[in-house]
Amino acid sequence: MSTRALIINADDLGYDPAVTRGILQSMRDGIVSSATLMVNTPFAEASAHEAQGLSLGLHLNLARGTPVSSDFPREMLGANGNFLESRASSMTAEVVEAETRAQLERFTALTGRAPTHVDVHMHLHLQPLVLEGLSRVAREHKLPVRSIDSIMRHALKTQGIPTNTHFLGDTGSDAYWTLERLEAELVSLPSEGIVELMCHPGYRPETVKSSYGAQREVELATFQNPKARETLSRLGITPVDYRVLTQAS
């Protein structure tokens with residue numbers, strides 16, 4: 001593309017009430033421009049209501065919680081009927097397609113609108129059959145899909161599915177987005193294309209066990225820091241959402 005656009009997307013809306021509060025705060029008081037909603041959690045409905053008016057995509061969840069589709073094969077789930085991240089590789093494209101459709105319908109029912117795009121919890125669409133099942137639905141609904149690397153990007157573009165040109169972000173034992181790292185990445189952004197900066201701001205989860213808890217609070221502080229907004233202003237960047245891809249087409 002001939003122009004550059006930056007999408008700052010917060011994953012995990014609906015994961016936990018405290019996480020949701022932090023994400024909404026980072027959007028309303030900070031520089032986060034987009035978020036993706038988990039629709040198969042006990043907190044999905046409340047989170048969708050609280051996020052009215054904000055830019056939301058679907059955070060397709062095949063790693064935690066229960067399926068939305070009533071036909072999801074029992075043998076692909078854990079003993080308690082929940083998703084297991086480790087079993088993603090055993091999911092067929094047909095199973096993923098059906099669950100994606102169910103979660104997409106649930107998203108629309110909760111929000112009253114279509115998502116701006118789809119991304120996947122724990123990047124499980126790195127599994128080829130997960131990507132294929134998701135792609136079938138995304139292609140039909142003309143939905144952009146987050147690409148993590150050049151291989152995935154090529155696969156999506158080959159099927160005519162809009163996707164980001166560049167991807168930034170990660171999680172680990174330490175908070176990924178410190179203010180210093182954010183400022184450095186903003187200064188060195190690619191000069192062209194659609195750049196997605198994935199982040200995980202929030203407060204420590206109240207009800208869910210997570211290895212990325214205290215780190216969320218660091219990221220929340222980063223994306224609300226006035227210096228972050230000042231850096232964007234100095235660089236002439238206004239963060240957008242994934243509709244920049246569909247509007248362009």
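Screening PRO239 against (1) out of contact with any Ser or Thr (no Cβ under 9 Å at 6 or more places or on another chain); (2) modelled with pLDDT of 95 or more; (3) not aliphatic (A, V, I, L, M) leaves a single unmet condition, (1). Do we find a residue being modelled with pLDDT of 95 or more and part of a helix (DSSP H, G or I) anywhere in region 193-208? No, region 193-208 contains no residue that is modelled with pLDDT of 95 or more and part of a helix (DSSP H, G or I). Could you tell me whether region 78-86 includes any residue that is in a helix (DSSP H, G or I), touching a Leu at 6+ places or on another chain (Cβ under 8 Å) and at pLDDT below 95? Yes, the conditions are met somewhere in region 78-86. Is one or more of the residues making up region 113-124 free of Cβ contacts under 8 Å to residues at least 60 places away in the same chain, of a type in the set (A, V, I, L, M, F, W, C) and farther than 20 Å from MET152 by Cα? Among the residues of region 113-124, at least one is free of Cβ contacts under 8 Å to residues at least 60 places away in the same chain, of a type in the set (A, V, I, L, M, F, W, C) and farther than 20 Å from MET152 by Cα, which makes the answer yes. Residues in region 172-200 that are in contact with a Leu (Cβ under 8 Å, 6 or more places away or on another chain) and closer than 21 Å to ARG243 by Cβ: LEU189, ILE194, VAL195, GLU196, LEU197, MET198. Residues that are open to solvent by less than 10 Å² (accessible area, probe 1.4 Å), hydrophobic (A, V, I, L, M, F, W, C) and within 18 Å of ASN61 (Cβ to Cβ) occur in region 185-198; there is at least one. The C-beta contact set for region 192-207 (first residue within 19 Å of ARG64 (Cα to Cα) and touching a residue at least 24 places away in the same chain (Cβ under 8 Å), second residue among the basic types (Lys, Arg) and open to solvent by 20 Å² or more (accessible area, probe 1.4 Å), distance under 8 angstrom, 6+ apart or interchain) comprises GLY202/ARG21. Show the residue pairs meeting these rules: Cβ distance below 8 Å; 6+ apart or different chains; first residue within region 61-75 and of a type in the set (Phe, Trp, Tyr); second residue assigned to a helix (DSSP H, G or I). Listed pairs, sorted by first residue: PHE72/VAL95; PHE72/ALA98; PHE72/GLU99.
Scanning region 199-236 for residues that are of a type in the set (Lys, Arg) and open to solvent by 70 Å² or more (accessible area, probe 1.4 Å) gives ARG204, LYS209, LYS227, ARG229, ARG234.
Count, please, the residues in region 131-181 that happen to be part of a loop (DSSP other than H, G, I, E, B) and of a type outside the set (S, T, N, Q). Talk me through it step by step, then tell me what you get.
So the first thing to find is which residues in region 131-181 are part of a loop (DSSP other than H, G, I, E, B), and the list is 142-144, 146-149, 159-165, 169-178.
Restricting the remaining residues to those that are of a type outside the set (S, T, N, Q) gives 142-144, 146, 148-149, 160-162, 169-170, 172, 174-177.
Within region 131-181, residues that are part of a loop (DSSP other than H, G, I, E, B) and of a type outside the set (S, T, N, Q) number 16.
Does any residue of region 222-237 turn out to be in a loop (DSSP other than H, G, I, E, B), basic (Lys, Arg) and touching a residue at least 12 places away in the same chain (Cβ under 8 Å)?
Quick first cut of region 222-237, residues in a loop (DSSP other than H, G, I, E, B) only: 225, 236-237.
Next, only the ones that are basic (Lys, Arg) stay: none.
Checked region 222-237: no residue is in a loop (DSSP other than H, G, I, E, B), basic (Lys, Arg) and touching a residue at least 12 places away in the same chain (Cβ under 8 Å).
Filtering region 156-173 to residues that are buried (at least 16 other Cβ atoms within 10 Å of the Cβ) and not hydroxyl-bearing (Ser, Thr, Tyr) leaves LEU156, ILE161, PRO162, ASN164, HIS166, PHE167, LEU168, GLY169. Among (1) within 20 Å of the chain's Cα centre (by Cα); (2) surrounded by fewer than 16 Cβ atoms within 10 Å (Cβ to Cβ); (3) among the polar types (S, T, N, Q); (4) not in a helix (DSSP H, G or I), which single condition is THR246 missing? So the condition that THR246 fails would be (4).
On the basis of being farther than 20 Å from LEU104 by Cβ, modelled with pLDDT under 95 and surrounded by fewer than 16 Cβ atoms within 10 Å (Cβ to Cβ), does SER70 make the cut? Criteria not met by SER70.
Total residues in region 188-232 satisfying the condition of being out of contact with any Lys or Arg (no Cβ under 7 Å at 6 or more places or on another chain) and of a type in the set (D, E, K, R): the figure is 6.
Of the residues making up region 146-155, those that are surrounded by 14 or more Cβ atoms within 10 Å (Cβ to Cβ) and out of contact with any Lys or Arg (no Cβ under 9 Å at 6 or more places or on another chain) are ARG146, ILE148, ARG153, ALA155.
The values are calculated or read from the model by the stated rules, or taken from the named source; none is laboratory data. Keep in mind it's a predicted model, so treat the numbers as computed, not measured. We place every Cβ from the backbone using ideal geometry, glycine too, and count neighbours over all the protein chains shown. To get the accessible areas, we keep the full protein, side chains included, count just its heavy atoms, and leave off ligands, DNA and RNA. Shrake-Rupley method; radii C 1.70, N 1.55, O 1.52, S 1.80 Å.
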